[in-house]
Amino acid sequence: MFEQSKVLFEKSQRVIPGGVNSPVRAFRAVGGTPVFFRKANGAYLWDVDGNKYIDYVGSWGPAILGHAHPAVIQAVQDKAVDGLSFGAPTEAELMMAEKLCELMPSIEQVRLVSSGTEATMSAIRLARGATGRKKIVKFEGCYHGHADALLVKAGSGALTFGNPSSAGVPPEVAADTVVIAYNSLKELEDTFSAIGGEIACVIIEAIAGNMNFIVPDVSYLQALRALCTKHGAVLIFDEVMTGFRVGLHGAQGHFGIKPDLTTLGKVIGGGMPVGAFGGRRDLMANMAPLGGVYQAGTLSGNPVAVAAGLKTLELVSAPGFYEALSASTQQLCDGLMVAAREEGETFSAASLGGMFGMFFAPSPPRSYAEVMRSDRERFNRFFHGMLERGVYLAPSAFEAGFVSKAHTDADIAETIAHAKATFKRLKSG
């Protein structure tokens, strides 16, 4: 079934570390050989062996309209004939900035970059430059890109500083990062009580999508907002994943909470590499050439990538778009839970907008520790069973899933039927 993928993976390992250009693609978490794809359209993927899949990865979130949407492809083609990159200002990047300021409640000024990692890295530098402080707070299980200060695991206790979770990250860099449990109000309050005056910023996935899918308590986010305000710390919402994925105004619009800075990516590029960070005007005024916080990028505001993003944002802004997307995603989650219950499987699922999570646990987890208690080995078997039946899920129990506007009721019904058959096989061993 995957013979050509196996050949390509073997060849790739000779010239690419691990055979992949991003670690989760290697299938190490679930076992087996990664699938190599050659084509995507709508809700579907085709691999190099000719197998067709219903896709719930969506390029890890950007394909909210479905793959290769004709209007997005046309926008890219129209712009590409005028040149691929100028390294100079364009009207299109102004239009993108105006659109982001219009749609995201907290953004008064914004700067475009080329990836989510660039966006979060730059936002943290801005927060440190604006406050004159060094320490940052992040949450266990949240991922904000591969910048050194963010590749940090939790210490041995709630208030211990983090340790590097990657080789090549100096301990002294990690020492300024404090890692606390997601959704734990006590740890949050204790941290601010102990070092509130030293904290430059707190960065949080407003809805966690990198330890699968975890929705925070609204009261927790409200307390976080109040503590940051009280202690003069910059609150950063990482909406690289949730921005325009859970709603037209992001997670901050859904919860009604304004961060000081927001990072964006994925959907705003429509499948092309675009990121952004923005927020309060007074904070953004610290960025060069106005202020002393330096950030630059040759491809920032790339005209072809911005064209894809602008067309995507235009289409998702249509009346009723998110209501329909949310209904489809909820339909999938409800159907999966019914199928699991009918087969006696311990399973739960949750969703918001076009983003969802599934767990081999009696209820959706609320923290990284609870995610770790779910049956990840059972997920791995479920993943491979679904893959064999033509359903492509994220190859890790720690990743959220994504539904697109292109997924039809028939696609979702077929997915649920395949899940029921896979649950039945799990039960039989």
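Between N302, N163, N286, which gets the highest mean-square fluctuation from a Gaussian network model of the chain, Cα cutoff 10 Å?
Result: N286 has the largest fluctuation of those listed.
Roughly how compact is the range 314-423, stated as its Cα Rg over 2.2 N^0.38 Å to two decimals?
Relative to the 2.2 N^0.38 Å estimate, the range 314-423 comes out at 1.06.
Could you give the spread of the C-alpha atoms of the range 244-372 along their three principal axes, from largest to smallest, in whole angstroms?
61, 34, 28
Å³ per residue of the Cα convex hull, for the range 47-125?
Per residue, the Cα convex hull of the range 47-125 comes to 175 Å³.
Out of the total accessible area of the chain (probe 1.4 Å, heavy atoms of protein only), what percent is carbon and sulfur?
Its accessible area is 53 percent carbon and sulfur atoms.
Regarding the range 56-205, what's the average projected area of the Cα-atom convex hull, expressed in nm²?
Seen from a random direction, the Cα hull of the range 56-205 projects 12.1 nm² on average.
Any idea what Rg and Dmax come out to for the chain if you just take the C-alpha atoms, in Å?
21.3, 65
What whole-number value in Å² describes the accessible area per residue of the chain for a 1.4 Å probe?
Roughly 41 Å² per residue, with all protein chains present.
From the cross-link list K138/K186; K99/K311; K52/K427; K266/K420, which pairs have alpha carbons spaced over 21 Å apart?
Flagged as over cut-off: K52/K427; K266/K420.
What do you get for GluC sites (Glu not before Pro) in the range 317-382 restricted to DSSP loop and a cutoff of at most 13 other Cβ within 10 Å of the site's Cβ?
Filter output for the range 317-382: empty list.
The values are calculated or read from the model by the stated rules, or taken from the named source; none is laboratory data. Because the structure is a prediction, the values reported are computed rather than measured. When we count neighbours, we look across all protein chains shown, and the Cβ atoms used for this are built from the backbone with ideal geometry, even at glycine. Heads up: the accessible areas ignore ligands, DNA and RNA and are worked out on the full protein's heavy atoms, side chains in. Shrake-Rupley method; radii C 1.70, N 1.55, O 1.52, S 1.80 Å.
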